[in-house]
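Written below as structure tokens is the structure these notes are about.
The values are calculated or read from the model by the stated rules, or taken from the named source; none is laboratory data. Note that the structure is predicted; figures quoted are calculated from it, not measured. Note: ideal-geometry Cβ built from the backbone for every residue, glycine included; neighbour counts use all protein chains shown. These area figures cover heavy atoms from the full protein model, side chains too; ligands, DNA and RNA do not enter into them. Shrake-Rupley method; radii C 1.70, N 1.55, O 1.52, S 1.80 Å.
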Amino acid sequence: MQEMTNRWYQTEIPPDAPIDHAHRFEALGEHCVVHGYGENIHIHSPHPLIGGLTARITSKVTVQPLLNILIRQLFVALLFEATRHVPRQTVAVTTPMVDVVGPRGIWVGDIVCPTQQVVVVDIARGGTVPAYAVYDILTALMEPSAVRIDSHGMARTLDTQQHVTGCTQLGSKIGGRIDDAVMIIPELAVATGGTLDEMISRVYEIKRYGKPKMIIVLAMMIT
């Protein structure tokens, strides 16, 4: 397939361009928390700035519009950490210095594979602000046609004593199949995981939309 001329990167690496080895083949487990959930689950230890964002968001004196600004920044930071596990591709980027130093002005390194299909899941209402923050970054750095948002209305169900008994689906807007896609689910808080289970198993699996390559949950807090 012929590459579009307006792409900011190219996949054919010029033979004389130096490779930025600092941005290639980084160990994925370096920042992961040791746990007993199995090798397919990766829990990243928080960066101090991420911890600071979380703390500021949960402060009782933090109000709008600062709250949404901090939430967007937090989830972009979480996205940076979590996408260490997303397939990568080595690309070349022509910088303005190419006119001065020739091939040395071409940056070569690894980025998230720009054609990897990604499905960002918006679980309304709490997931809407972080979902669109994630979507904006991904469409800026990847092929926009490879990224989409699926929207779901979910709500907890309560008994007569106001105890949580499960969740119910209020409606969904799904853009297509999820085969081999990376599914990213931004959530402000995960308690029992019931909403995630309902959304993944019933909405996608039972309705036969396929099976994703991986599922990444970006959660500010997990209890």
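Filtering region 140-147 for residues that are within 25 Å of Pro114 (Cα to Cα), without any contact (Cβ under 8 Å) to a residue 60 or more places away in the chain, under 14 Å from the mean Cα position of the chain (by Cα) and assigned to a loop (DSSP other than H, G, I, E, B) leaves a non-empty set.
Listed by first and then second residue, the pairs linking a residue in region 205-223 that is charged (D, E, K, R) to a residue that is open to solvent by 30 Å² or more (accessible area, probe 1.4 Å), with Cβ atoms under 6 Å apart and 6 or more places separating them unless they lie on different chains, are Lys213/Asp180.
Met154 meets each of the listed conditions (1) at pLDDT 95 or above; (2) touching a Leu at 6+ places or on another chain (Cβ under 7 Å); (3) part of a strand (DSSP E or B); (4) not charged (D, E, K, R) apart from (1). Would region 167-188 turn up any residue that is assigned to a strand (DSSP E or B), touching a Leu at 6+ places or on another chain (Cβ under 9 Å), open to solvent by 40 Å² or more (accessible area, probe 1.4 Å) and touching a residue at least 12 places away in the same chain (Cβ under 8 Å)? Checking region 167-188: not a single residue is assigned to a strand (DSSP E or B), touching a Leu at 6+ places or on another chain (Cβ under 9 Å), open to solvent by 40 Å² or more (accessible area, probe 1.4 Å) and touching a residue at least 12 places away in the same chain (Cβ under 8 Å). Number of residues in region 189-223 that are part of a strand (DSSP E or B) and open to solvent by 60 Å² or more (accessible area, probe 1.4 Å): the value is 4. Report whether or not Thr157 is in contact with a Gly (Cβ under 6 Å, 6 or more places away or on another chain), among the polar types (S, T, N, Q) and more than 30 Å from Thr94 (Cβ to Cβ). Judged against the criteria, Thr157 is a match.
Elements of the type helices (runs of 4 or more DSSP H) sitting completely within region 33-112 and holding at least 1 residues that are basic (Lys, Arg) and either under 30 Å from Asp180 (Cβ atoms) or modelled with pLDDT of 95 or more (or both): these cover 66-82.
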